[in-house]
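Take a look at the structure set out below.
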């Protein structure tokens with residue numbers, strides 16, 4: 001079953017590569033749900049992990065994902081596996097950080 005969510009990119013993690021060659025990247029979306037803010041931690045895997053490197057903090061995207069769950073040693077783990085996204089707005093401009101006081 002597939003789901004869709006719209007949110008603002010809050011975090012784009014580094015690619016994790018495993019011994020098998022499998023790659024994944026964590027992307028966190030900040031989602032406003034009727035005045036409440038929720039963070040959605042989604043995994044992008046394989047070729048999507050590389051493509052997600054183009055995402056920038058502050059961009060608003062619409063993401064399509066599947067919910068995956070599996071059991072290991074009596075504990076259940078659930079992942080949101082994002083397989084497609086569309087950028088709706090670009091990231092807001094960043095302001096330069098002033099480390100020194102201005103000279104007059």
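No lab work stands behind these numbers, since they all come straight from the coordinates. All of these numbers come straight from a predicted model, not from anything done at the bench. Cβ sites come from the backbone with ideal geometry, for glycine too, and all protein chains shown count toward neighbours.
Restricting attention to segment 35-55, the residues being in contact (Cβ under 8 Å) with a residue 40 or more places away in the chain, farther than 13 Å from residue 8 by Cα and part of a loop (DSSP other than H, G, I, E, B) number 0.
With respect to residue 58, determine if the residue is outside any strand (DSSP E or B) and under 16 Å from residue 6 (Cα atoms). Spelling it out, residue 58 is indeed outside any strand (DSSP E or B) and under 16 Å from residue 6 (Cα atoms).
Annotation note: of 65, 22, the sole residue that is on the phi < 0 side of the Ramachandran plot and without any contact (Cβ under 8 Å) to a residue 60 or more places away in the chain is 22.
Which one of these is surrounded by 14 or more Cβ atoms within 10 Å (Cβ to Cβ) and without any contact (Cβ under 8 Å) to a residue 40 or more places away in the chain: 29, 80?
Only one candidate qualifies: 29.
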